[in-house]
Amino acid sequence: MKKGVINVLDLGELSKQETKRVLEVGGTNVIRADVYGTHIYNYVMLDTKSFASAMQIVEFAVKDLPLNNKAICYLIAGVVLPNGLIEKSPQVPMLNGRNFIEMTKAIYDGRIFIGNDMDGGAMGVSLLLPNLRYFINVVLGTGTNGRIVHEGKIICKGEYGHIIYKRDLSARLCHCGLTGCYESEIGGWALEKKIIESARILRIEIPEGLNPCCFLDMCFDRGDKWAVIMYQEIAYDIAHYFANLQSIAHAPVFVLKGTFSVRGFPLIEKDVRSFMKDGMIIRKEWVDEIKFIISPEPKLDSIIGVAELEERAFNELY
Ligand SMILES: [Zn+2]
């Protein structure tokens, strides 16, 4: 972790600041931290499997609160209704149908908020990079989604990854239920499937225990033709996605996060730009204008951001 973001303070020092407790529940980890501005204290990460019930997670959120704790903020992967009901949590099924706001109220008497992880991430980037006035925040990981941020406000919320891209026979079923979404072409889970299929057709054996995406990178690095072609296809799909986002937003900066942004994207950035300019966007100069950067804190931006979203929701600015 980088210096300056995660701090360890003794309780005496921490008690002077008004912090917010954030609990992020993901598919593999539960993260708990106390947030003050862009600073994070008392960071704890546990395996999601170490919790036997949703109530245990709520109890963990409320435990050992700093004296000046102002609110409890949850970030939950899945569909959460404004009243706190978790309608769909594909990654952590024990949360399905539970209401974290009601459950927390039973043991905590204070402000409670549930935020969306994409909103949290975009807001976090905006706080961490205050000079960025206008940007598109895009996750390229297991799935893909984005937000457009202008002057510190999220101005465009949506499901960017589930825009329909393909309607022909090559279109793949997305786990959202639609067919041919960007996510079902460039999401990490879709890429894994594609790599396994290609390897099978070409009779290439993926070494046991090796992630298919890592195998693709290995083959790409040594110049294997199939891997180079596959990367070209990924570059084309991403170019189409980014060209559409840029046609709508005309933003000077794309802030990326997610495994693919760090590992795969730098290898194909040039190709992505040239595909975009080759008949995908009305103004080619809008492609040259884009600066691609990685979120300064890809693992922490949503934790920092959700505390700010809570503040705005409390003041009804969000
Ligand atoms: Zn979809």
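The values are calculated or read from the model by the stated rules, or taken from the named source; none is laboratory data. Values in this document were obtained by computation on a predicted structure and should not be read as measured data. With ideal geometry, Cβ positions are generated from the backbone for all residues, glycine too; neighbour counts draw on all protein chains shown.
Only residues that are closer than 17 Å to Ile248 by Cβ and assigned to a loop (DSSP other than H, G, I, E, B): list them for the range 259-283, please.
Of everything in the range 259-283, those that are closer than 17 Å to Ile248 by Cβ and assigned to a loop (DSSP other than H, G, I, E, B) turn out to be Met280, Ile281, Ile282, Arg283.
Here are some residues: Ala235, Ala190. Which one is modelled with pLDDT under 95 and in a helix (DSSP H, G or I)?
The match here is Ala190.
Only one of (1) free of Cβ contacts under 8 Å to residues at least 12 places away in the same chain; (2) out of contact with any strand residue (DSSP E or B) (no Cβ under 6 Å at 6 or more places or on another chain); (3) of a type in the set (D, E, K, R) is not met by Glu87, so which one is it?
All conditions are met except number (2).
Residues being surrounded by 15 or more Cβ atoms within 10 Å (Cβ to Cβ) and closer than 25 Å to Lys257 by Cα: count how many of those fall in the range 190-216.
9
Would you mind finding the one in Ile281, Ile234 that is in the same structural domain as Asn145 (by TED's automatic domain parsing) and more than 24 Å from the chain's Cα centre (by Cα)?
When all the criteria are applied, what remains is Ile281.
From the list Leu67, Leu81, Leu46, exactly one residue is farther than 28 Å from Cys176 by Cβ, under 23 Å from the mean Cα position of the chain (by Cα) and surrounded by fewer than 14 Cβ atoms within 10 Å (Cβ to Cβ). Which is it?
Exactly one of Leu67, Leu81, Leu46 is farther than 28 Å from Cys176 by Cβ, under 23 Å from the mean Cα position of the chain (by Cα) and surrounded by fewer than 14 Cβ atoms within 10 Å (Cβ to Cβ), namely Leu46.
Somewhere in the range 292-304, is a residue more than 25 Å from Val262 (Cβ to Cβ) and among the hydroxyl-bearing types (Ser, Thr, Tyr)?
no
Do we find that Arg147 is basic (Lys, Arg), within 16 Å of the ligand (Cβ to nearest atom) and free of Cβ contacts under 8 Å to residues at least 40 places away in the same chain in this structure?
no
Would you pick out the residues in the range 128-142 that are surrounded by fewer than 24 Cβ atoms within 10 Å (Cβ to Cβ) and touching a helix residue (DSSP H, G or I) at 6+ places or on another chain (Cβ under 6 Å)?
Residues satisfying the conditions are Gly141, Thr142.
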